[in-house]
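Student: What follows is a single structure, and I will ask about it in a moment.
Every read-out reported here was derived from the displayed coordinates using simple, explicitly stated rules and does not represent laboratory data. For clarity, every value in this text was computed on a predicted model and none was experimentally measured. Cβ atoms come from the backbone with ideal geometry, glycine included; neighbour counts cover every protein chain shown.
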Protein chains: 2
Amino acid sequence: MIQEAHPALAPERRDRIRNLVREGGVARVEDLRKNLKVSVATIRRDLEILEEEGKVKRVHGGAVSMESRLEESVFDDKTNLASKQKKKIAEDALTLVGHEESVFLDGGSTTLFLARLLKQRTDITVVTNSVRAMEELADSGPRVIFTGGEFRRISQTMVGPLSTVVLEQIRVDKAFMGTMGFCLKNGITTTDPNEAYVKRVVSENAGQVILLADSTKADKVSFARVSDWDQVDILITDQAVPKHFTKTLRKRGIKVRLP
Amino acid sequence: MIQEAHPALAPERRDRIRNLVREGGVARVEDLRKNLKVSVATIRRDLEILEEEGKVKRVHGGAVSMESRLEESVFDDKTNLASKQKKKIAEDALTLVGHEESVFLDGGSTTLFLARLLKQRTDITVVTNSVRAMEELADSGPRVIFTGGEFRRISQTMVGPLSTVVLEQIRVDKAFMGTMGFCLKNGITTTDPNEAYVKRVVSENAGQVILLADSTKADKVSFARVSDWDQVDILITDQAVPKHFTKTLRKRGIKVRLP
DNA sequence: ATCATTATGATCGATTTCGATTGATTTTGA
DNA sequence: TCAAAATCAATCGAAATCGATCATAATGAT
């Protein structure tokens, strides 16, 4: 075997792998191999060790970070095109965040993509009730204000009267909201009334309400009503959304973006 | 043996090794050999000694600094004596939590151990401002209420006026508090005034205040005053705490437990 | 001077790490 | 659904590294 002149020490290499996984949220075996100049066998062995240590989670094709289990879905069901769209939507949303602005981040996977992008911004203030978003921003990034409240495990968000106590004290320039469903007739709906209430309070206290929802949410109606369309300023969705949605909403004065 | 003109003395050489490891985070045996102009056998013997002294951690191919190892989770560090004590303290604290009670969990590593133990209890309500504790209880466990507020990265807790807004709305049976320092003269102190204020509000709204602090915190005084001893009902520490502490505090009506 | 002690270097078999190969498994795309 | 492609786990051999042992040199005590 012809080893390199200065090969990295095994633990050092594994640290690098861990960081790469963490920064990207996900890393492919092949990419790691090229990056670290070792064989795939070594990468796999390292990933095995890192998984035992609880540092990363292995998936077919590579590994995902433990910090944000968000990306599991990206790997777990490749059929879910929505992940790619969600990423695009988040990237578009990022362009709306101005210098030194304050933004609210709702729960949900799309806003979680946005959270990751916002990590680079240290000039802004992020208000959120999502534990996942909180975790994403825990190490570094913008100023973070968290709404308290009762923890709802299923959505990993804070809800209930205690969270609105905090929300009523603040005002954000832009609120990036997720949703379970949106349709022209019933407006925005979600599963839990408590959550719907929180979303409503946020919307009322935000300069602009920006709805992030991929086209799979179109024409879906859920149990709890959040608000009507007149509360929404901008909808960011994707090309696959039915034409008449775009048309009708724009007629109603809502900006619709299709990145 | 043909020694060099000015060979470094052994302890001096080991110091140099230690510095090289520390600066680089890692160092290879081969690099150290070239750098210090001695044989690999000598390097290995030095590393063996340095490892015994706890200065570096040996790995195949070289050594890594202890500092880089330290950033790992408090739970990984089995050798850390304070960790063992903290674990014992947390286990003792757990016995104080009654059925269907509500408890507050402060930030800090000791309370984090307690959080892990509380994960098994689904009958209780946990109130906390610690993101780490939140994460620990995110998947399953007791009902969790989180205080909102401004996120303080260094302690990974929520502080400031927004967190007290929530705290004033609730009342807990027992508050498990951590601290940076405690001494007979100055009472309980911590680093940040904002944090101290939160702790004070919690203490006032708790049925019982239980201070969890290993003996390394004894006679330490930090910047911000939290409270005097009359606010504390129970102190859980360890055997290594000076005798006069135990004596004086018990005389003042504070229960001192030494698990 | 002689001897014990310590530090260092050299050698050699044992262990560990790594890469390549092969056959099994999973994913992808028709 | 089936077949091709990608990915994986297992195995083996080569190279690096390691630990143990012994030899040599410097140092200091007797």
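Student: Express the C-alpha Rg of segment B:81-257 as a ratio against the empirical globular expectation 2.2 N^0.38 Å, rounded to two decimals. Present the calculation step by step, with values, prior to reporting the outcome.
Tutor: Details: Rg = 14.9 Å, N = 177, 2.2 N^0.38 = 15.7 Å.
Segment B:81-257 yields a ratio of 0.94.
Student: Long-range amide H contacts for B:Gly62: which residues qualify at under 5 Å (H placed 1.01 Å from N, peptide plane, sequence gap of 5 or more or a different chain)?
Tutor: Long-range HN contacts for B:Gly62: B:Val29.
Student: Among the DSSP beta bridges whose two residues both lie in the protein assembly as shown, what percent are antiparallel, rounded to the nearest 5?
Tutor: Working: 38 of 84 bridges.
That works out to approximately 45 percent antiparallel.
Student: Let's test the formula: R0 of 51 Å, r as the Cβ-Cβ distance of A:Asp230 and A:Ile154. What FRET efficiency results, to the nearest 0.05? Before the final figure, lay out each step's value.
Tutor: Values: r = 29 Å, r/R0 = 0.57.
Once rounded, the FRET efficiency stands at 0.95.
Student: Label segment A:81-131 by shape, choosing from rounded, prolate and oblate, from the square roots a ≥ b ≥ c of the eigenvalues of the Cα gyration tensor; if a/c is under 1.5 it is rounded, and otherwise prolate applies when a/b is larger than b/c, oblate when it is not.
Tutor: Working: a/c = 2.39, a/b = 1.44, b/c = 1.66.
Note, shape of segment A:81-131 comes out oblate.
Student: In nm to one decimal, list the spacings between the B:Gly61 label point and its equivalents in the other copies, with label points set 7 Å along Cα to Cβ, shortest first.
Tutor: 2.9
Student: Return the lysines within reach of A:Lys251: Cα separation strictly under 19 angstrom, same-chain partners fewer than 8 residues apart disregarded; answer none if there are no such residues.
Tutor: Reachable lysines: A:Lys185, A:Lys243.
Student: Short version: ³J(HN,Hα) in whole Hz for each residue of segment A:209-226, in order, from phi by Karplus 6.51 cos²θ - 1.76 cosθ + 1.60 (θ = phi - 60°), x for Gly and Pro, what are they?
Tutor: So the J values, rounded to whole Hz, are 10, 10, 8, 9, 7, 6, 5, 5, 8, 5, 6, 8, 10, 10, 5, 9, 6, 9.
Student: Which distances, in nm and shortest first, link the A:Ile49 label point to the same label point in every other copy, taking 7 Å along Cα→Cβ?
Tutor: Copy-to-copy label distances at A:Ile49, shortest first: 2.8 nm.
Student: Using a basic spin-label model with each label point 7 Å from the Cα along Cα→Cβ, how many nm lie between B:Lys185 and B:Ala240?
Tutor: Taking the two extended label points, one gets 2.3 nm.
Student: Continuing with this model, one more query. How big is segment A:10-76 in terms of Cα radius of gyration and Dmax, in angstroms?
Tutor: My reading of the Cα-based Rg and Dmax gives 10.4, 30 Å.
Student: Can you put A:Ile154, B:Ile145 in order, fewest other beta carbons within 10 Å first? The partial results should precede the final answer.
Tutor: Working: A:Ile154 8, B:Ile145 24.
Going from least to most buried by this count: A:Ile154, B:Ile145.
Student: In this model, which of B:Lys88/B:Lys255; A:Lys37/B:Lys55; A:Lys86/A:Lys217; A:Lys199/A:Lys220 are farther than 20 Å apart at the alpha-carbon? Working shown, then result.
Tutor: On the way: B:Lys88/B:Lys255 17 Å; A:Lys37/B:Lys55 30 Å; A:Lys86/A:Lys217 12 Å; A:Lys199/A:Lys220 18 Å.
Too far apart for the 20 Å limit: A:Lys37/B:Lys55.
Student: For chain A, what's the relative contact order in percent, using C-alpha pairs closer than 8 Å and at least 6 residues apart?
Tutor: Values: 487 pairs, mean separation 33.8, N = 259.
Once divided by the residue count of chain A, the mean separation gives 13 percent.
Student: Something else about it: So for the pair A:Arg143, A:Asp219, with labels modelled 7 Å out along Cα→Cβ, what separation do we get in nm?
Tutor: 4.5 nm
Student: Another one. Hey, what number do you get for the protein assembly as shown at 222 nm if only DSSP H runs of n ≥ 4 count, each worth -39500 (n - 2.57), divided across all residues, to the nearest 500?
Tutor: On the way: 20 runs with 197 residues, N = 518.
About -11000 deg cm²/dmol.
Student: Also, quick follow-up: For segment A:170-243, what does the alpha-carbon gyration tensor say about shape, rounded, prolate or oblate, given a ≥ b ≥ c as the root eigenvalues, a/c under 1.5 as rounded, and a/b over b/c as prolate? Could you put the intermediate results ahead of the total?
Tutor: Details: a/c = 2.12, a/b = 1.29, b/c = 1.65.
It is oblate, given that a/c is not under 1.5 and a/b is not larger than b/c.
Student: Between B:Lys247 and A:Val59, how many nm apart are label points set 7 Å from Cα along the C-beta direction?
Tutor: Going from the B:Lys247 label point to the A:Val59 one covers 6.2 nm.
Student: If you keep only loop residues by DSSP, which trypsin sites (Lys or Arg not before Pro) in segment B:177-229 have at most 11 other Cβ atoms within 10 Å of their Cβ?
Tutor: Working: sites: B:Lys185, B:Lys199, B:Arg200, B:Lys217, B:Lys220, B:Arg225; in loops: B:Lys185, B:Lys220.
Taking segment B:177-229 and a limit of 11 other Cβ atoms within 10 Å, the loop trypsin sites (Lys or Arg not before Pro) found are B:Lys185.
Student: Let me ask something else about it. For B:Lys185, place a label point 7 Å out from Cα along the Cα→Cβ vector, do the same in each other copy, and report the separations in nm, one decimal, smallest first.
Tutor: 7.7
Student: Go ahead and run the numbers for FRET between B:Gln169 and A:His99, Cβ-Cβ distance against an R0 of 35 Å, rounding to 0.05.
Tutor: Details: r = 35 Å, r/R0 = 1.00.
Plugging the Cβ-Cβ distance into 1/(1 + (r/R0)^6) gives 0.50.
Student: So how strong a dipole does segment B:10-70 carry about its Cα centre when Lys and Arg Cβ are +1 and Asp and Glu Cβ are -1, to the nearest 20 debye?
Tutor: Values: 15 positive and 11 negative charges, 34 e Å.
Approximately 160 debye in magnitude.
Student: Here's another thing I want to ask about it. In terms of the ratio Rg/(2.2 N^0.38 Å) built on C-alpha atoms, what value belongs to the protein assembly as shown? Provide the component values of the computation, followed by the final result.
Tutor: Values: Rg = 26.8 Å, N = 518, 2.2 N^0.38 = 23.7 Å.
Relative to the 2.2 N^0.38 Å estimate, the protein assembly as shown comes out at 1.13.
Student: Kindly provide the chymotrypsin sites (Phe, Trp or Tyr not before Pro) of segment A:188-236 that DSSP labels as loop, not H, G, I, E or B, and whose Cβ sees at most 15 other Cβ atoms within 10 Å.
Tutor: Values: sites: A:Tyr197, A:Phe223, A:Trp229; in loops: A:Phe223.
Those that pass, being in a loop and sparsely packed, are A:Phe223.
Student: Shape of segment B:79-168 from its Cα gyration tensor (a ≥ b ≥ c, root eigenvalues): rounded if a/c is under 1.5, otherwise prolate when a/b > b/c, or oblate?
Tutor: oblate
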